[in-house]
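*Asks:* Below is one structure. I have some questions about it.
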Amino acid sequence: MSKIINGLKYSETHEWVKIEGDIAIIGVTDYAQKEMGDITYVDMPDAGEVVEKEEEFGALESVKASSDLFSPVSGTVVERNDALEDAPELVNEDPYGNWIIKVQMRNPAELDELMDAEGYRDMIGE
Amino acid sequence: MEENLKKTCLWEKHVALGAKMSPFAGFDMPIQYSSIILEHNAVREKVGMFDVSHMGEIFVIGPDAESFVNHIFTNEIRGFEAGKVLYGMMCREDGGVVDDLLVYREFEPEHFLLVVNAANIDKDFQWIMSQTDGYDVKVVNESEKWGQIAVQGPEAEEIVTRVLGLEEASALTFYTYCESSWKGERMVLSRTGYTGEDGFEIYTSPEGIIEIWDILIREGVVPCGLGCRDTLRFEAGLPLYGDELADNITPVMAGLGMFCKLEKEFIGRDVLVKQKAEGVKEKLVGLEVLDKAIPRAGYDVLDPEGKKVGVVTTGYHSITLDKSICFAFVETSQAALGNSLQVQIRKKVFPAVVIKKRFYQTKYRK
């Protein structure tokens, strides 16, 4: 059974969002990392790049395959988790402790369209 | 799960071990049990085992068996003693590869065993049958009657001899086999594999294979799925039918000319002779991407000016070599070792260089 954390927001494409003021901290869920298997590369945008809700902002690469990352919110990247450059496996080890990007939100109302923990648990059917 | 997927004799074992299962070649097969990286490293450093019962076993028997197999197979099978195993291909008249396979020269005279890819069993059998005119041979597809386990890695010999009691394994060199038995059933014990490591492929009845699997699991041999089977064969520079070989790809294009003996007659030979003399439009190469980004099958290969000159067939971040590498078909003018190219990975383009296809120094017992 996959770990799901109460208080976070979740997208249908298995990203989680933690809100700190107008900053959205974005990572992938435990379910997603388990489905991917060993993650070997995280393709992340640079600070300053603009991301759009539900549009691709990067990718996770496992040994076997590549899986696009979709932004749960629109805004500007303020920070990327450079630790994942050299240690992408951190996403497997602790998917909620290792965020991928921080985004300054342009339209925080978009958060309302995301699921809460219970909604996400229902979606993945666990 | 897809309907009508076939199951190998070890299917229940995979499910009980909690393997991640996925369709492959019409079978419901284990992709990984724990982690592709862990399973991959077990084979490189110690020993691992694979269920390869999905592979096909086709027997060719009869007075003309040798001349017939030599007619449909690209490699030269004459002049070898019983117990020899040869790798090669079956080609169509136009040189396209029907399948790549192993040919076993059996100890019983006029008997050959052809081990073929699971996805191609029916196609191969029909192809072989369609070529038998004028040859006194019987062709029998026994794929369903045989199970197969591959035990691979530097400790494979120790496991096969000590744990399974198959001491005859020690005398085998790479690409030879011997006859053995398991609980009164015929066993083919072959020093072959698809990983770049020393190892054995063991063929016997499905019941025997289940027993052997259980013994090896109890001994702590790491079960390995098709995920690492692909990463291992890829690092060793070995092609996979469907990726680097196909009906419209010839052995010359795929860089497998050394397994085609052009001084003898075989189906497709004339086209291969012509291709070798005149050159081919595209060739399979190895590429190293000079970045951590990973080239994947289907990605475009570009020249330094950005013009498309090829396409990736298999690519990984190599587990053993810790670099991003791939096989790609590229225009022959771009195929020289050391040539600078680029690979388009999602929105970005990364520099790449042509390197030898055998990325990993294989460790066979010669």
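*Asks:* Listed residues A:Glu12, A:Glu35, A:Glu20; which is more than 13 Å from chain B (Cβ to nearest Cβ) and without any contact (Cβ under 8 Å) to a residue 40 or more places away in the chain?
*Replies:* Numbers: A:Glu12 fails: without any contact (Cβ under 8 Å) to a residue 40 or more places away in the chain; A:Glu35 fails: more than 13 Å from chain B (Cβ to nearest Cβ).
So the residue among A:Glu12, A:Glu35, A:Glu20 that is more than 13 Å from chain B (Cβ to nearest Cβ) and without any contact (Cβ under 8 Å) to a residue 40 or more places away in the chain is A:Glu20.
*Asks:* Under the condition of being touching a strand residue (DSSP E or B) at 6+ places or on another chain (Cβ under 8 Å) and not aliphatic (A, V, I, L, M), which residue from the range B:241-255 is surrounded by the fewest Cβ atoms within 10 Å (Cβ to Cβ)?
*Replies:* It comes out as B:Asp247.
*Asks:* Moving on to the next point. Considering only the range B:309-319, I want to know if a residue exists there that is aromatic (Phe, Trp, Tyr), within 28 Å of the chain's Cα centre (by Cα) and away from chain A (no Cβ under 13 Å). Steps first, please.
*Replies:* Taking the range B:309-319 first, the residues aromatic (Phe, Trp, Tyr) are B:316.
Filter again for within 28 Å of the chain's Cα centre (by Cα), leaving B:316.
Filter once more, so that each one left must be away from chain A (no Cβ under 13 Å): none.
No, there is no match, as no residue in the range B:309-319 is aromatic (Phe, Trp, Tyr), within 28 Å of the chain's Cα centre (by Cα) and away from chain A (no Cβ under 13 Å).
*Asks:* Also: Could you please let me know if B:Phe73 is free of Cβ contacts under 8 Å to residues at least 60 places away in the same chain, closer than 27 Å to B:Thr362 by Cβ and outside the structural domain of B:Ser318 (by TED's automatic domain parsing)?
*Replies:* Values: free of Cβ contacts under 8 Å to residues at least 60 places away in the same chain: no; closer than 27 Å to B:Thr362 by Cβ: yes; outside the structural domain of B:Ser318 (by TED's automatic domain parsing): yes.
For B:Phe73, the condition - free of Cβ contacts under 8 Å to residues at least 60 places away in the same chain, closer than 27 Å to B:Thr362 by Cβ and outside the structural domain of B:Ser318 (by TED's automatic domain parsing) - is not met.
*Asks:* Another one. Quick one: in the range B:351-365, which of the residues that are surrounded by fewer than 18 Cβ atoms within 10 Å (Cβ to Cβ) and of a type outside the set (Lys, Arg) is farthest from the other protein chains (Cβ to nearest Cβ)? Don't jump to the end; show me each part of the working.
*Replies:* Step one: of the range B:351-365, the residues surrounded by fewer than 18 Cβ atoms within 10 Å (Cβ to Cβ) are B:351, B:353, B:355-356, B:358, B:361-365.
Next, only the ones that are of a type outside the set (Lys, Arg) stay: B:351, B:353, B:355, B:361-362, B:364.
Details: B:Pro351: 17, B:Val353: 19, B:Ile355: 20, B:Gln361: 21, B:Thr362: 20, B:Tyr364: 24 Å.
Among residues in the range B:351-365 that are surrounded by fewer than 18 Cβ atoms within 10 Å (Cβ to Cβ) and of a type outside the set (Lys, Arg), the one farthest from the other protein chains (Cβ to nearest Cβ) is B:Tyr364.
*Asks:* Could you go through the range B:20-34 and let me know if any residue there is out of contact with any Gly (no Cβ under 8 Å at 6 or more places or on another chain), on the phi < 0 side of the Ramachandran plot and part of a loop (DSSP other than H, G, I, E, B).
*Replies:* yes
*Asks:* What is the residue count in the range B:45-67 for residues that are assigned to a helix (DSSP H, G or I), touching a strand residue (DSSP E or B) at 6+ places or on another chain (Cβ under 8 Å) and surrounded by fewer than 23 Cβ atoms within 10 Å (Cβ to Cβ)?
*Replies:* So the count comes out to 1.
*Asks:* If you go through the range B:184-231, how many residues are away from chain A (no Cβ under 14 Å), basic (Lys, Arg) and touching a residue at least 12 places away in the same chain (Cβ under 8 Å)?
*Replies:* Summing the residues that are away from chain A (no Cβ under 14 Å), basic (Lys, Arg) and touching a residue at least 12 places away in the same chain (Cβ under 8 Å) in the range B:184-231 gives 2.
*Asks:* Could you please find all residues in the range A:101-126 being of a type outside the set (Asp, Glu) and not in a helix (DSSP H, G or I)?
*Replies:* Initial filter on the range A:101-126 (of a type outside the set (Asp, Glu)): A:101-109, A:111, A:114-115, A:117, A:119-121, A:123-125.
Residues satisfying the conditions are A:Ile101, A:Lys102, A:Val103, A:Gln104, A:Met105, A:Arg106, A:Asn107, A:Leu114, A:Met115, A:Gly125.
Every residue, every condition in (1) over 23 Å from B:Ala25 (Cβ atoms); (2) surrounded by 15 or more Cβ atoms within 10 Å (Cβ to Cβ), yes or no:
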site: B:Ala119; (1), (2): no, yes
site: B:Gln126; (1), (2): no, no
site: B:Leu164; (1), (2): yes, yes
site: B:Cys178; (1), (2): yes, yes
site: B:Phe200; (1), (2): no, yes
site: B:Ile209; (1), (2): no, yes
site: B:Arg218; (1), (2): yes, no
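*Asks:* Would you confirm, using the coordinates I've provided, whether A:Ser71 is touching an Asp or Glu at 6+ places or on another chain (Cβ under 8 Å), under 22 Å from B:Cys228 (Cβ atoms) and in contact (Cβ under 8 Å) with a residue 24 or more places away in the chain?
*Replies:* No.
*Asks:* Out of the strands (runs of 3 or more DSSP E) lying entirely within the range B:214-317, which hold 1 or more residues that are under 18 Å from B:Thr195 (Cβ atoms) and assigned by TED's automatic domain parsing to the domain that holds B:Arg162?
*Replies:* B:222-224
*Asks:* Check every one of the strands (runs of 3 or more DSSP E) wholly within the range A:1-100 and list those with 2 or more residues that are touching a strand residue (DSSP E or B) at 6+ places or on another chain (Cβ under 8 Å) and hydroxyl-bearing (Ser, Thr, Tyr).
*Replies:* A:39-43, A:66-70
*Asks:* Taking B:Cys9 as meeting all but one of (1) in a strand (DSSP E or B); (2) touching a residue at least 24 places away in the same chain (Cβ under 8 Å); (3) closer than 28 Å to B:Ile215 by Cβ, write down the number of the exception.
*Replies:* The failed condition is (1).
*Asks:* What pairs come out if I take residues in the range B:325-345 that are in a helix (DSSP H, G or I) and pair them with residues that are buried (at least 16 other Cβ atoms within 10 Å of the Cβ) and of a type in the set (Gly, Ala, Ser) whose C-beta lies under 9 Å away, six or more apart or interchain?
*Replies:* Cβ pairs passing all conditions: B:Gln334/B:Gly310.
*Asks:* Let me ask something else. Of the residues B:Ala16, B:Ala42, B:Ala82, only one is surrounded by 18 or more Cβ atoms within 10 Å (Cβ to Cβ) and either within 14 Å of chain A (Cβ to nearest Cβ) or modelled with pLDDT of 95 or more (or both); which?
*Replies:* Checking each option against the conditions leaves just B:Ala42.
*Asks:* If I go through the range A:40-65 residue by residue, how many of them are under 24 Å from B:Gly227 (Cβ atoms), under 15 Å from the mean Cα position of the chain (by Cα) and facing chain B (nearest Cβ under 10 Å)?
*Replies:* Here the count works out to 6.
*Asks:* Does the range B:135-181 hold any residues that are in contact with a Cys (Cβ under 7 Å, 6 or more places away or on another chain) and under 25 Å from B:Gln361 (Cα atoms), and which are they?
*Replies:* Of everything in the range B:135-181, just one residue is in contact with a Cys (Cβ under 7 Å, 6 or more places away or on another chain) and under 25 Å from B:Gln361 (Cα atoms), namely B:Leu172.
*Asks:* A further question on this structure: Sort out which residues of the range B:276-308 are within 24 Å of the chain's Cα centre (by Cα) and within 14 Å of chain A (Cβ to nearest Cβ), and write them in order of number.
*Replies:* B:Ile294, B:Pro295, B:Arg296, B:Ala297, B:Gly298, B:Tyr299
*Asks:* Cβ-Cβ distance below 6 Å, separation of 6 or more or different chains: which pairs start in the range A:84-96 with a residue that is more than 11 Å from chain B (Cβ to nearest Cβ) and within 9 Å of A:Asp30 (Cα to Cα) and end on one that is of a type in the set (Val, Ile, Thr) and buried (at least 16 other Cβ atoms within 10 Å of the Cβ)?
*Replies:* A:Val91/A:Ile39; A:Pro95/A:Val28
The values are calculated or read from the model by the stated rules, or taken from the named source; none is laboratory data. Note that the coordinates shown come from a computational prediction; the quantities given were computed from them, not determined experimentally. All Cβ positions, glycine included, derive from the backbone under ideal geometry; neighbour counts span all protein chains shown.
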